[in-house]
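Quick notes on the structure that follows.
The values are calculated or read from the model by the stated rules, or taken from the named source; none is laboratory data. Note that the structure is predicted; figures quoted are calculated from it, not measured. Cβ: placed from backbone, ideal geometry, glycine included. Neighbour counts: every protein chain shown. Ligands, DNA and RNA are excluded from the accessible area calculation, which covers all protein heavy atoms including side chains. Shrake-Rupley method; radii C 1.70, N 1.55, O 1.52, S 1.80 Å.
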Amino acid sequence: PMRRAIARRMMESLQSTAQLTMTAQADVTALVAAQAHARDAIGVTYTALIVRAVAQALRQHPHINVRWRADAIEQAAEINIGVAVALEAGLVVPVIKQADRLPLAALSHEIKRLSELARANRLTEAELTGGAFTVTNLGMYGIDAFTPILNPPEAAILGVGRIYEQLVRQEQGIVWRQFMTLSLTIDHRLIDGAPGAAFLQRICQLLSEPATLFDAAPS
């Protein structure tokens with residue numbers, strides 16, 4: 001039954017939306033160091049940091065935080081972000097409500113809680129609905145980049161690849177830096193390419209300079 005539901009929704013997504021995917025490389029050298037410290041201190045994961053960056057970027061680019069409802073664009077009232085969780089039988093997307101208002105430790109805890117409920121098949125309908133944006137991470141499988149498929153009626157989804165090292169020429173010479181490939185799929189009916197690119201660029205900036213990700217969330 002889950003596989004049938006996924007098949008139906010994926011075909012609906014591809015047949016009823018105008019999907020455009022763009023990719024960018026984020027320099028996450030500083031993020032890697034910061035996550036190592038935060039992981040030991042408060043158990044923060046890369047997924048939590050990425051969701052935090054997406055939430056902050058959505059505050060600054062509210063035109064991305066939209067859904068398609070009854071042949072019209074609906075502006076989402078809150079920043080609710082789905083996080084894809086892989087199960088043996090398929091895929092589920094629990095939704096973190098008001099993700100932009102959660103402190104980082106609380107956000108990390110909520111992602112863990114919802115993931116555990118998903119694996120135990122104990123998610124409620126309320127925990128699976130209300131999202132306007134999804135994050136899906138395949139980096140732990142060694143995937144560099146992929147084309148994420150929209151989760152209707154949402155207008156955007158971010159695919160996260162693995163962290164890898166690359167030599168970069170800088171003023172002080174050639175140095176090793178760490179990068180992550182991000183793939184943003186948008187529904188071109190609702191979001192044009194340039195605004196989508198600016199949104200993706202902002203996420204890359206936040207991940208490259210992660211200090212604000214560790215500040216207290218706005219009240």
Enumerate the pairs (first residue in the stretch 67-94 and closer than 11 Å to residue 154 by Cβ; second residue anywhere and of a type in the set (Asp, Glu) and open to solvent by 60 Å² or more (accessible area, probe 1.4 Å)) with beta-carbon separation below 8 Å, excluding pairs fewer than 6 apart on the same chain, so at least 6 apart or on different chains. 67/74; 68/74
Just to verify a result, which residue in the stretch 166-219, among those that are of a type in the set (S, T, N, Q) and within 15 Å of residue 55 (Cα to Cα), is most open to solvent (accessible area, probe 1.4 Å)? 219
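Which of the following residues is at pLDDT below 95 and either surrounded by fewer than 21 Cβ atoms within 10 Å (Cβ to Cβ) or not aromatic (Phe, Trp, Tyr) (or both): 121, 137? Show your work before the answer.
Values: 137 fails: at pLDDT below 95.
Of the residues listed, the single one that is at pLDDT below 95 and either surrounded by fewer than 21 Cβ atoms within 10 Å (Cβ to Cβ) or not aromatic (Phe, Trp, Tyr) (or both) is 121.
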Could you grab me the full set of residues in the stretch 30-41 that are of a type outside the set (S, T, N, Q) and either in contact with a His (Cβ under 9 Å, 6 or more places away or on another chain) or open to solvent by less than 60 Å² (accessible area, probe 1.4 Å) (or both)? 30, 31, 32, 34, 36, 38
What are the residues in the stretch 142-165 that are modelled with pLDDT under 95 and open to solvent by 60 Å² or more (accessible area, probe 1.4 Å), if any? none
Criterion first (in contact with an Asp or Glu (Cβ under 9 Å, 6 or more places away or on another chain) and open to solvent by 20 Å² or more (accessible area, probe 1.4 Å)) does residue 69 satisfy it? no
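Taking helices (runs of 4 or more DSSP H) that do not extend beyond the stretch 1-117, which have at least 1 residues that are touching a Gly at 6+ places or on another chain (Cβ under 8 Å)?
Details: elements: 2-16, 29-42, 46-60.
Answer list for the stretch 1-117: 2-16, 46-60.
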Flag for residue 202 being within 30 Å of residue 152 (Cα to Cα) and at pLDDT 95 or above: yes
Tell me which residues, restricted to the stretch 1-29, are surrounded by 13 or more Cβ atoms within 10 Å (Cβ to Cβ) and in contact with an Asp or Glu (Cβ under 7 Å, 6 or more places away or on another chain). 17, 19
Confirm whether residue 99 is over 25 Å from residue 31 (Cα atoms) and not charged (D, E, K, R). no
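Here's the yes/no breakdown for (1) in a strand (DSSP E or B); (2) among the aromatic types (Phe, Trp, Tyr); (3) over 20 Å from residue 31 (Cβ atoms):
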site	(1), (2), (3)
143	no, no, no
148	no, no, yes
159	yes, no, no
163	yes, no, no
168	yes, no, no
175	yes, no, no
180	yes, no, no
196	no, no, yes
Does the stretch 112-122 include one or more residues that are in contact with a helix residue (DSSP H, G or I) (Cβ under 9 Å, 6 or more places away or on another chain) and among the aliphatic types (A, V, I, L, M)? no
Where the second residue is open to solvent by 50 Å² or more (accessible area, probe 1.4 Å) and of a type in the set (Val, Ile, Thr) and the first is touching a residue at least 60 places away in the same chain (Cβ under 8 Å) and lies in the stretch 96-107, which pairs have Cβ atoms under 6 Å and are six or more apart or on separate chains? 105/42
